[in-house]
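Only one structure is covered here, and it is reproduced in the block below.
Just so you know, all these numbers are worked out from the coordinates, no wet-lab data involved. What you see is a predicted model, and the numbers here were worked out from it, not measured in a lab. Here the Cβ is made from the backbone with ideal geometry for all residues, glycine too, and neighbour counts use every protein chain on show.
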Amino acid sequence: MFIYLNFFVVFIIVILINYKRKIKLYDERQRIFIGNAYRYGYASLVLSIFSLNFLSYRYQIDILAIPFYCLMFSILVISIYLIYHDSFFAIGTNSKKSIFEITAIGIFNIFIYLFLREFFSLFIGMLLIILSFFMYIKQKKGESKDE
Amino acid sequence: MNNKNLKLKAARVLKGLSQQELADKIGVSRQTISSIENGGYNPTINLCINICKILDKTLDELFWEN
């Protein structure tokens with residue numbers, strides 16, 4: 001029950017934050033890479049479900065956690081592919097602000113882990129910090145290329 | 001288009017625009033302009049026309065191989 005309430009609160013907060021923001025668009029090159037990224041994401045999702053189910057027979061893995069890990073792995077693949085091809089942020093997005101937000105949410109999740117000892121929070125926190133690190137490096141490379 | 005598009009880069013520089021400024025005028029990301037100039041992306045005809053309009057060039061002048 002508490003989890004559903006949590007989802008609902010987060011859903012409302014996201015809607016309120018994005019209510020006044022303009023819809024941001026991607027250009028044609030970015031859309032091509034987004035399509036490819038979803039394809040890779042789907043493939044990695046299927047492969048990770050298969051491999052984790054296979055491993056769960058041999059090693060002790062929480063069955064309920066398998067979909068979570070598979071989804072996170074798929075999201076990681078999509079995000080890294082898009083970041084690598086400069087297609088993660090829409091046109092006109094303030095990437096510095098977005099990187100700061102993602103890092104802050106990652107650090108917040110790690111704090112939650114420190115207090116509640118919830119492994120999922122640590123996992124998500126690490127994932128977000130890794131992603132923001134990649135974004136930061138890519139942004140710095142892009143700035144130096146601008147001629 | 002695997003070769004670098006030097007004609008596009010030259011036209012942009014001649015017009016006094018940075019990649020970001022040209023991208024803002026066309027409505028694409030800076031990385032897309034960079035990819036076109038470096039030959040990493042083959043743009044659609046619509047994007048080519050938009051670039052030509054901004055840089056006051058024809059399609060032949062910017063995108064036709066010599």
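With springs only between Cα atoms under 10 Å apart, run a GNM on chain A and tell me which of A:N53, A:N18, A:N109 wobbles the most.
The residue with the greatest mean-square fluctuation here is A:N18.
Using label points projected 7 Å from each Cα along Cα→Cβ, tell me how many nm separate B:N50 and A:Y69, to one decimal.
4.4 nm
Roughly what angle does helix A:66-84 make with the longest principal axis of chain A, taking Cα atoms, 0 to 90 degrees, to the nearest 10?
Roughly 20 degrees, rounded to the nearest 10.
With a cap of 11 neighbouring Cβ atoms within 10 Å, and only residues DSSP puts in a loop, list the GluC sites (Glu not before Pro) found in chain B.
Answer in residue order: B:E65.
Using each residue's phi in region B:5-20, evaluate 6.51 cos²θ - 1.76 cosθ + 1.60 at θ = phi - 60° and report the 3J(HN,Hα) Karplus result to the nearest Hz, with x for Gly and Pro.
8, 6, 5, 5, 4, 5, 5, 5, 5, 4, 7, x, 10, 8, 4, 5
If each DSSP helix of 4+ residues adds -39,500 (n - 2.57) and the sum is divided by the residues in the protein assembly as shown, what number results at 222 nm, nearest 500 deg cm²/dmol?
-24500 deg cm²/dmol
Could you give me D for chain B, from Stokes-Einstein at 4 °C and 1.567 mPa s, where the hydrodynamic radius is the Kirkwood radius over C-alpha pairs? Units µm² s⁻¹, please.
112 µm²/s
Identify which of B:I26, B:I45, B:I36 has the largest mean-square fluctuation in a Gaussian network model of chain B, with springs joining Cα atoms closer than 10 Å.
B:I45
Based on Cα coordinates alone, diagonalise the gyration tensor for the protein assembly as shown, multiply each eigenvalue by 5, take square roots, and list the semi-axes in whole Å, largest first.
Largest first, the protein assembly as shown gives 41, 20, 15 Å.
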